[in-house]
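The values are calculated or read from the model by the stated rules, or taken from the named source; none is laboratory data. Keep in mind that this is a model prediction, so the values were computed, not measured. Methodologically, a virtual Cβ is constructed for each residue, glycine included, from the backbone with ideal geometry; neighbour enumeration extends over all protein chains shown.
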Amino acid sequence: MKKTIIVAAIFAFTIIVGACSSPTQKVEEAKTEVVEANNELDDANAEYMSDMAKYKAETADKIAANEVIIKDFNARIASQKKDAQVEYKQKVA
C-alpha cells in the first residue's frame, strides 16, 4: 500500500514538474516549426514562380511557332483557287 502511494506521488510530482516547463518548451518548438514552415513555403513559392516563368516562356515559343505556321499556311492557300481556300478555312476553323 505504501509502495502504491509513493509511486502515485512520484507520478503526480513528475506531471506537475513536467507541466510547468512544458508550455515554454512547446512555444519555442512551435516558433521553430513556424519559422521552418515559412522557409519551406518561401522555397516552394520561389520554385513555383521559376516553373511558371519557364512555362510561360515555353508557351510563348510554341505560340510564336504556331503563328508562323498559320501565316505560311494562309500564304500558301492564298494562291489556291477560291473553292480550295474556302475548304481549307472551314477545315482549319
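Below are the figures for this structure:
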quantity: Criterion: modelled with pLDDT of 80 or more and out of contact with any strand residue (DSSP E or B) (no Cβ under 9 Å at 6 or more places or on another chain) - qualifying residue of 12, 44, 84; calculated: 44
quantity: Conditions (1) touching a helix residue (DSSP H, G or I) at 6+ places or on another chain (Cβ under 8 Å); (2) modelled with pLDDT of 95 or more; number of the one not met by residue 54; calculated: (1)
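Let's see how each residue does on (1) of a type in the set (Lys, Arg); (2) surrounded by 10 or more Cβ atoms within 10 Å (Cβ to Cβ); (3) at negative phi:
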residue: 44; (1), (2), (3): no, yes, yes
residue: 47; (1), (2), (3): no, yes, yes
residue: 54; (1), (2), (3): yes, yes, yes
residue: 59; (1), (2), (3): no, yes, yes
residue: 66; (1), (2), (3): no, yes, yes
residue: 71; (1), (2), (3): yes, yes, yes
residue: 75; (1), (2), (3): no, no, yes
residue: 81; (1), (2), (3): yes, no, yes
